[in-house]
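To keep things clear, I will list the structure first and then write my remarks on it.
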Amino acid sequence: MAGRRVVTRSKNGQWVNEVEGAPELSTSYSSRDEAVEEGRALAADRGLEHVLLDSEPTGTIVDGGAPDEDVAVVDDAVPTEEPLEQTRDAPDGNGSPRQD
């Protein structure tokens with residue numbers, strides 16, 4: 001596996017270890033620390049370089065966090081008691097809702 005490396009980086013709200021040239025060895029984790037630890041171990045086991053690509057925070061919440069954390073507040077929307085309009089699939093079968 002000469003020239004390959006294990007890259008640990010944030011991807012779509014998860015942390016992943018990607019092995020260059022061997023996608024079947026790639027894994028994902030919910031925490032940065034776990035991914036870094038496992039990425040280092042994987043690289044050491046295979047004699048590869050380990051690279052950590054830290055990303056800048058975007059300010060966007062992409063997941064709900066840990067199960068024991070409070071639910072993330074995404075916006076200031078106020079719940080309403082008004083019912084939603086009734087919709088059903090369009091008769092052409094494309095799954096688009098239409099109003100009656």
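Every read-out reported here was derived from the displayed coordinates using simple, explicitly stated rules and does not represent laboratory data. Just so it is clear, the structure is predicted and the values come from calculations on it, not from any experiment.
For S26, the amide hydrogen comes within under 5 Å of the amide hydrogens of V19, counting only partners 5 or more places away or on other chains and with H modelled in the peptide plane. The slack between L25 and D45, meaning 0.36 nm per residue of separation minus the straight C-alpha distance, is 6.0 nm.
Structural size metrics of region 5-53, computed from C-alpha coordinates, are Rg and Dmax of 9.4, 28 Å. Summarising the amide proton neighbourhood of L48: residues at separation of 5 or more, or on other chains, whose placed amide H is nearer than 5 Å comprise an empty set.
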